[in-house]
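There's a structure below that I have some questions on.
The values are calculated or read from the model by the stated rules, or taken from the named source; none is laboratory data. Predicted model, so just to flag it, every value in this text is computed and none were measured. FYI the Cβ positions are ideal-geometry reconstructions off the backbone, even for glycines, and counts take in every protein chain you see.
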Amino acid sequence: MLSVLAVLACHAAPDAGPEPVATPWHYEEDPSAVVPLSGTELAGAPDAIMATLTGIDPHDVYDAWTEIGDAFDAECPVRGDHNGQPLFEGDCTAASGAAFYGYQLVNRIFGFWVEFPGIDGFQHEYSWMTGNSRAELADGRVVTFGGDALWSSRQDGDGYEARTLYLYGNFAWERPTEAPAWMDARLEVELHLEAADLPDGTRAVAWNGGVTGLSGVVTAFRMEDLALRDARVDDVVSPACTLEPTGALSFLGRDGRWYAVVFDEICDGCTRVTGAGVEQTVCADWSPVLGWGDSPWER
Amino acid sequence: MGALIAALWGCAAADAGPDALTVFARASLDLRGVRPSADEAASLLSDPASLDARLDTLPDDPRFGWNLALQLAPVWQTRADESDAFNRLAAVENRASFLASIGEEPLRLVAWIADHDLPWTEVVRADWTVVDPTLADAWPVDYPTGATGWQQVPYVDGRPAAGVLATSGLWWRYTSTYGNANRGRANAVSRILLCNDYLERPVPFDPALDLTDEAAVGEAVQSNPSCVACHAAVDPMGAHLWGFYAEFTDVTGEVARYHPEREDHWRAFGTPPGYFGVPADMANPGALGLSVAQDPRFIQCAVRRTWGALVQREPQASDARALLVHREAMLAGGVTLRALVRSVLRDPAYRALDGDAGAWRLMAADTWASAVEDLTGWRFAVAEGDVMREDRFGVRSLAGYVRSSGIVPRGPSPTQVEVHERWAQQAARHAARHDADAPEDAFLLRDVPVAEEPDEDALRSQIVALHLRVLSQVVAPDAPEVDEELQLWRAIVARTAGDTVEAWAVLIEYLLRDPAFVVY
Amino acid sequence: MANPGMSRRALLGSLAAVAAGGVLRPARAAVASPADRKFVFVWAYGGWDPTVALAPLHAAPAVACQPGSEPATSGDHAWTHHPDRPAVDAFFARYGAQAAVLHGITMASVGHDTCLKLAYTGDTTGTSPDWGVRLAAAAADRYALPQVVARGPQFPGQHGALVTRIGTSGRVESLLRGALLASGLDGVPVPSRGTQSALDALVASRSAFRREGARGARQAALFDAHASSVAGAHRLEEVVGDVRWGEDSALSTQVDLALDLIRLDLSRCVTLAYERLETWDSHADNFRKQGENQQALFQGLLRLLDGLAALPGHRAARALDETVVVVASEMGRTPQLNGGEGKDHWGVTSVLLIGAGVRGGRSFGGYTPHMYGATLDFATGEPDAEGRTPVGADLGATLLSLGGLDPGEVRTGRPISGMLV
């Protein structure tokens, strides 16, 4: 018991000693550590965004799925059915040594007719992949499918063609040979595109969503109804302009600051870019966005 | 600073050998996960006045950071990996290990700060995280080629620097629905880092409010006095965290990555980003982290959390002076966890042994595993993984006291007793066999030839030494415990036709199952 | 100081008394107090269609009910009868008087996980403890395995150490039989049973010895807990062979486990699940999938209730009189069929409560013509235009009331006291 008393006698007097005084707490960081984008960097932003938008081809996602298919077999991944759609799933290794983790729904339908009330029917093709899977092949190819990839085209009898892209998630394709740049870069994509070819040969495109995970001056961007059109395609659009879109576009600079691109009603491609306390006029030609071949993602 | 702290306490180091050893063992288990070595115990007994100096060395131990993080784990509540709160469909090679690593990421960052003596502000300002190869497979990080284990790495998806607030692990653990608008996450930040838990506040719900009416709720959180009291603080903090909003919670990459393009989703809810009334010019976790780092409560809370974890109780009003002393020590020591912990280790509340204030605690499952491994060289490993790291084996929760998701320990449980029994059987036999085969490198049986029957004095001497090493207890050679264990040893030898190795194994097992081993 | 040793005979004698229940088991009352009630949760994860069994909404033009099904009634109960689902009819005939159905409970989401959290924890954080573990935590000292999850969801919150997941790996049985942590040490014989029995007895006496020499209240409390845990561990070892731990995930297997845990008074809360996500989540072919599932679910339910009715209770005459059975799904299905004869996610559903403390023989709440949740007066359980639609947190507050806890623990919910006896 003596030892116990000794310890307590030594330490049981928290009120003893000088009264402590609280030192004020300050935490500051050097604001100059963040350098806003330069004028040259700002001027290059629209072209960087356009290059990204036109470089994303959803076929690459399906091509990746097709390419790795030979490495798998009936045992791995297990093929099942989810409400009528082919479902592949498993945490497994195929005889080839290829490993598959997660699940994947893959559905491609071509050339079917859909009946809608009041419309005679139009031809519809679509591809839809959704899931959360990762395939690792013995030769080093690795494919990651995370999210939804849906693209479709439809034609009515009058020559109207509409195309839709809905790409949401992250899709990566690593392989010894060259992979599509956008999948090799492991971008995070959230894109919704509506594009139309009209019987008179004019076309229009509208984007929503954005892309992140970019390297360079622009590290991410987002769009709200970013539309470009070379003709009036419905009743609500602004006058046709192929040089400068309408809608909202903003981007995240490598400085961690968001910048807004403010489009005006003058069809000259020149816009104001504002953010991080700077404002600058930037000019760019947006017409290449409309220059697609068979579809906006095939150039 | 040490002299100042000692002066503030108005006392010097303990001078009672056994009690000094008990206090040191407590700190050693808390901060290194092991009991004191035989040499350390002997030194302390011969020089009890060296207790303070020895305690001061514990934060320099390489095991310090992780063990401190484990002590703080109940606050962070990120380690319960077998829970439906987590993604059921992780597309990774080893899902169980992946889920365990997710829960560890925030704690590994804390441990890294502690081990590298970095300012605590790094926890919300660092432009790096700490991941293992399992996480590196799924996280957008730049993990060094060929490296192993937990490494300090940068995220490469453009997320702002915000320490733990920018880790995918924390926000995978703390999810948010769109409608909740990150409020739960904001409260987690407030609870963990500011010691301000809005969910603990009494909420006088307006009975006229229909909680199923989304529009009415949206209006109420901005105008109803019952709601505004909390939402005025929580909602602006939550507005900083939309970059971690996951549209699809069953897609690995969706949850793993930062989404800067979603940072302005707060506009849909009308409450702009801010921090306790101060508007922010950016809506991202970096801005939130800076605000947290500048908040005086941030440091006070670090002191409070660390003190609570080590003393094993929530601080009371009467502890205010002690907390202030520790805060000053932390600031004077470069705002580091080492400085803070060294101060707390001198607190009488931490060292208390007797009466109602006795700060006795129950050994957690992680500590049990590491302490037994240190004593016997034995750790359960199965081909599928570490049974004490991943909940899927069930051992960790059966072991009775998981420090994953709650500071309130359940007392010993029947299943914990069972786990300890099975574990101790194996560990004890491993140690006895090892010590018989390699006496020059013995774990525990250093004073007797294990394969032979020594004389009684040697037997008693070895048993005394076992008490010191396994239980950190001083017993006399003729103490009743020693008498009993001597009888047990002899009974086993008689029963096994002279198998002294088995007799030692049984004795070691018995000591590992002694309640004094797990209550420290 | 007491002798640390204790005679083995004396020790075994005391253990035998514990095992026989003669020391700890109180006299049986006719009605168990709320604090004594046990709970069995049966989850149908994936989203059931209430119209297939519990909610005969055939009169609502906006709601699609299965062709060939029809409303059936008995007393104040109404359910959906279908010739392929005799178990549903049998359930209401046999246990309708003890059963209450709560209709129109609303989860403000159409996501499985979010609805599950709302239904089982009252919020969407995933870190709040579920109703089962809250109930288990309130009586943790009385049960060796306070909450057992055979299958199904768990949100342990801060009570992770109270939850034992059985799954199909048999880990608890393996642990108790000495197999779980027995691998890895090649060539080392397992200690003889005699040696282990002797050692167990010594550990128990050492525990008492430590208690006697405890330094202060906190250490004494921990040693006390350890001593009772040692006794509890012996109890578990003794009954390990009396529990059907199960080796598959069939609902009948889970039911047998639950009955054994209740019979042996080992757990306060047991969670079971009839988990068939592919079929409960019936985006296609709704009525066939839901119909087959409901028949199987109610077969399992009958097995559980028949078992509880046949078991003597520990604090009431029958186990059924001291047990609350909760049967729930995290969501319902849309009122109308989609193009694939399926029904999609719908955040409004029905919940079934049976047993001790439940005002049985009728349903509470209801649906609007478009299958939204109707409002009710919580005090009476009667429809009330001025009342409120029940949400997941209200279910929780109700269950906590049934279990003798303060329903105020659930801040966003209120007990539907009209459902309680």
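Can you tell me how many residues in the stretch C:280-311 are in contact with a helix residue (DSSP H, G or I) (Cβ under 7 Å, 6 or more places away or on another chain) and within 18 Å of C:Leu261 (Cβ to Cβ)?
Residues flagged as in contact with a helix residue (DSSP H, G or I) (Cβ under 7 Å, 6 or more places away or on another chain) and within 18 Å of C:Leu261 (Cβ to Cβ) within the stretch C:280-311 amount to 9.
Filter the stretch B:246-304 for residues that are within 30 Å of B:Val92 (Cα to Cα), without any contact (Cβ under 8 Å) to a residue 12 or more places away in the chain and part of a helix (DSSP H, G or I); which is nearest to the other protein chains (Cβ to nearest Cβ)?
Here the residue is B:Glu261.
Output the helices (runs of 4 or more DSSP H) that fall wholly within the stretch B:83-143 and possess 3 or more residues being modelled with pLDDT of 95 or more and more than 23 Å from C:Pro156 (Cβ to Cβ), or say none. Give the steps one after another, and end with the answer.
Details: elements: B:95-115, B:122-125, B:133-138.
Answer list for the stretch B:83-143: B:95-115, B:122-125.
Another question, if that's okay. Look through the stretch C:355-406, keep the residues that are β-branched (Val, Ile, Thr) and within 17 Å of C:Asp130 (Cβ to Cβ), and return whichever of them is surrounded by the fewest Cβ atoms within 10 Å (Cβ to Cβ). Spell out the reasoning first.
Of the residues in the stretch C:355-406, the ones β-branched (Val, Ile, Thr) are C:358, C:368, C:375, C:380, C:389, C:391, C:398.
Next cut, within 17 Å of C:Asp130 (Cβ to Cβ) only: C:391, C:398.
Working: C:Val391: 24, C:Thr398: 30.
The extreme case among them is C:Val391.
Go through the stretch B:345-392 and report how many residues are within 14 Å of chain A (Cβ to nearest Cβ) and free of Cβ contacts under 8 Å to residues at least 24 places away in the same chain.
Here the count works out to 6.
Would you check if C:His234 is part of a helix (DSSP H, G or I), of a type outside the set (A, V, I, L, M, F, W, C), in contact (Cβ under 8 Å) with a residue 40 or more places away in the chain and under 22 Å from B:Leu362 (Cβ atoms)?
Details: part of a helix (DSSP H, G or I): yes; of a type outside the set (A, V, I, L, M, F, W, C): yes; in contact (Cβ under 8 Å) with a residue 40 or more places away in the chain: yes; under 22 Å from B:Leu362 (Cβ atoms): yes.
Considered against the rule, which asks whether it is part of a helix (DSSP H, G or I), of a type outside the set (A, V, I, L, M, F, W, C), in contact (Cβ under 8 Å) with a residue 40 or more places away in the chain and under 22 Å from B:Leu362 (Cβ atoms), C:His234 comes out as yes.
For the stretch C:330-372, which residues satisfy the criterion of being within 30 Å of C:Ala319 (Cα to Cα) and hydrophobic (A, V, I, L, M, F, W, C)?
C:Met331, C:Val351, C:Leu352, C:Leu353, C:Ile354, C:Ala356, C:Val358, C:Phe364
Which is of a type in the set (Lys, Arg) and within 14 Å of chain A (Cβ to nearest Cβ), of B:Arg185, B:Arg159?
Values: B:Arg185 fails: within 14 Å of chain A (Cβ to nearest Cβ).
None of the others qualify; the one that does is B:Arg159.
Sticking with this one: So which residues in the stretch B:53-80 are in contact with a Lys or Arg (Cβ under 8 Å, 6 or more places away or on another chain) and modelled with pLDDT under 95? Step through it out loud before you land on a result.
Of the stretch B:53-80, the ones in contact with a Lys or Arg (Cβ under 8 Å, 6 or more places away or on another chain) are B:55-56, B:58-61, B:63-64, B:66-67, B:69-75, B:77-79.
The answer is B:Leu70, B:Gln71, B:Leu72, B:Ala73, B:Pro74, B:Val75, B:Gln77, B:Thr78, B:Arg79.
Would it be correct to say that B:Ala371 is surrounded by 22 or more Cβ atoms within 10 Å (Cβ to Cβ), more than 30 Å from B:Ala268 (Cα to Cα), modelled with pLDDT under 95 and not aromatic (Phe, Trp, Tyr)?
Working: surrounded by 22 or more Cβ atoms within 10 Å (Cβ to Cβ): yes; more than 30 Å from B:Ala268 (Cα to Cα): yes; modelled with pLDDT under 95: no; not aromatic (Phe, Trp, Tyr): yes.
No: the conditions fail for B:Ala371.
Could you identify the single residue in B:Leu31, B:Leu21, B:Leu4, B:Leu8 that is of a type in the set (A, V, I, L, M, F, W, C), modelled with pLDDT of 80 or more and out of contact with any Phe, Trp or Tyr (no Cβ under 7 Å at 6 or more places or on another chain)? Walk me through how you get there before you give the answer.
Values: B:Leu31 fails: out of contact with any Phe, Trp or Tyr (no Cβ under 7 Å at 6 or more places or on another chain); B:Leu4 fails: modelled with pLDDT of 80 or more; B:Leu8 fails: modelled with pLDDT of 80 or more.
Residue meeting the stated conditions: B:Leu21.
From C:Leu304, C:Leu266, C:Leu259, which residue is within 14 Å of chain B (Cβ to nearest Cβ), at pLDDT 85 or above and over 30 Å from B:Tyr350 (Cβ atoms)? Explain how you work it out, then say what you get.
Details: C:Leu304 fails: within 14 Å of chain B (Cβ to nearest Cβ); C:Leu259 fails: within 14 Å of chain B (Cβ to nearest Cβ).
Just a single option satisfies the conditions, and that option is C:Leu266.
Give me a count of the residues in the stretch C:74-118 that are within 14 Å of chain B (Cβ to nearest Cβ) and either in contact with a Cys (Cβ under 7 Å, 6 or more places away or on another chain) or modelled with pLDDT of 95 or more (or both).
So the first thing to find is which residues in the stretch C:74-118 are within 14 Å of chain B (Cβ to nearest Cβ), and the list is C:104-118.
Then drop every residue that is not either in contact with a Cys (Cβ under 7 Å, 6 or more places away or on another chain) or modelled with pLDDT of 95 or more (or both), which leaves C:104-105, C:107, C:109.
The total comes to 4.
Next question. Which of the following residues is modelled with pLDDT of 90 or more and surrounded by fewer than 20 Cβ atoms within 10 Å (Cβ to Cβ): C:Pro61, C:Pro56, C:Pro50, C:Pro26? Talk me through it step by step, then tell me what you get.
Numbers: C:Pro56 fails: surrounded by fewer than 20 Cβ atoms within 10 Å (Cβ to Cβ); C:Pro50 fails: surrounded by fewer than 20 Cβ atoms within 10 Å (Cβ to Cβ); C:Pro26 fails: modelled with pLDDT of 90 or more.
Checking each option against the conditions leaves just C:Pro61.
Looking at (1) at the interface with another protein chain (Cβ under 9 Å from one of its Cβ atoms); (2) modelled with pLDDT of 95 or more, can you tell me which one B:Leu444 breaks?
Here B:Leu444 clears every test but (1).
Now for a different question. Out of the residues in the stretch B:479-520 that are buried (at least 20 other Cβ atoms within 10 Å of the Cβ) and not in a helix (DSSP H, G or I), state the one that is farthest from the other protein chains (Cβ to nearest Cβ).
Out of the qualifying residues, it is B:Tyr520.
So, one more: Which of (1) assigned to a helix (DSSP H, G or I); (2) over 30 Å from A:Gly269 (Cα atoms) does A:Pro86 not meet, given it meets every other one?
Just one mismatch for A:Pro86, condition (1).
With the structure loaded, tell me whether B:Ala136 is more than 22 Å from B:Val341 (Cβ to Cβ) and either surrounded by fewer than 24 Cβ atoms within 10 Å (Cβ to Cβ) or within 12 Å of chain A (Cβ to nearest Cβ) (or both) or whether it fails that test. Break it down stepwise before answering.
Details: more than 22 Å from B:Val341 (Cβ to Cβ): yes; either surrounded by fewer than 24 Cβ atoms within 10 Å (Cβ to Cβ) or within 12 Å of chain A (Cβ to nearest Cβ) (or both): yes.
So B:Ala136 passes the test.
Run down B:Val325, B:Val341 and say which single residue is touching a residue at least 24 places away in the same chain (Cβ under 8 Å), within 12 Å of chain A (Cβ to nearest Cβ) and assigned to a helix (DSSP H, G or I).
On the way: B:Val341 fails: within 12 Å of chain A (Cβ to nearest Cβ).
The match here is B:Val325.
Taking B:Ala320 and the conditions (1) outside any helix (DSSP H, G or I); (2) more than 8 Å from chain A (Cβ to nearest Cβ); (3) among the hydrophobic types (A, V, I, L, M, F, W, C), which numbered condition does it fall short on, given that it satisfies the others?
Tallying (1) outside any helix (DSSP H, G or I); (2) more than 8 Å from chain A (Cβ to nearest Cβ); (3) among the hydrophobic types (A, V, I, L, M, F, W, C), B:Ala320 fails exactly one: (1).
Look through B:Asp157, B:Asp115 and report the one residue that is more than 23 Å from the chain's Cα centre (by Cα) and not β-branched (Val, Ile, Thr). First the steps, then the outcome.
Numbers: B:Asp115 fails: more than 23 Å from the chain's Cα centre (by Cα).
B:Asp157 is the lone residue from the list that is more than 23 Å from the chain's Cα centre (by Cα) and not β-branched (Val, Ile, Thr).
Those residues that are under 25 Å from B:Val110 (Cβ atoms) and in a loop (DSSP other than H, G, I, E, B), I need them from the stretch B:44-63; list them, please.
Residues of the stretch B:44-63 under 25 Å from B:Val110 (Cβ atoms): B:54-63.
If the condition is that a residue be under 25 Å from B:Val110 (Cβ atoms) and in a loop (DSSP other than H, G, I, E, B), then B:Asp61, B:Pro62, B:Arg63 are the ones that fit.
Looking for something of a type in the set (D, E, K, R), in contact (Cβ under 8 Å) with a residue 24 or more places away in the chain and farther than 22 Å from C:Phe92 by Cβ - is there at least one such residue anywhere in the stretch C:287-304?
no
If you scan the stretch C:119-150, which residues turn out to be farther than 16 Å from C:Gly392 by Cα and facing chain B (nearest Cβ under 9 Å)?
Those that are farther than 16 Å from C:Gly392 by Cα and facing chain B (nearest Cβ under 9 Å): C:Ala137, C:Ala140, C:Asp141, C:Ala144, C:Leu145, C:Pro146.
Please go through the stretch A:192-208 and give me each residue that is under 27 Å from A:Ala43 (Cβ atoms) and buried (at least 19 other Cβ atoms within 10 Å of the Cβ), ordered by number. I'd like the intermediate steps shown before the answer.
First, the residues of the stretch A:192-208 that are under 27 Å from A:Ala43 (Cβ atoms): A:193, A:204-208.
Result: A:Leu193, A:Ala204, A:Val205, A:Ala206, A:Trp207.
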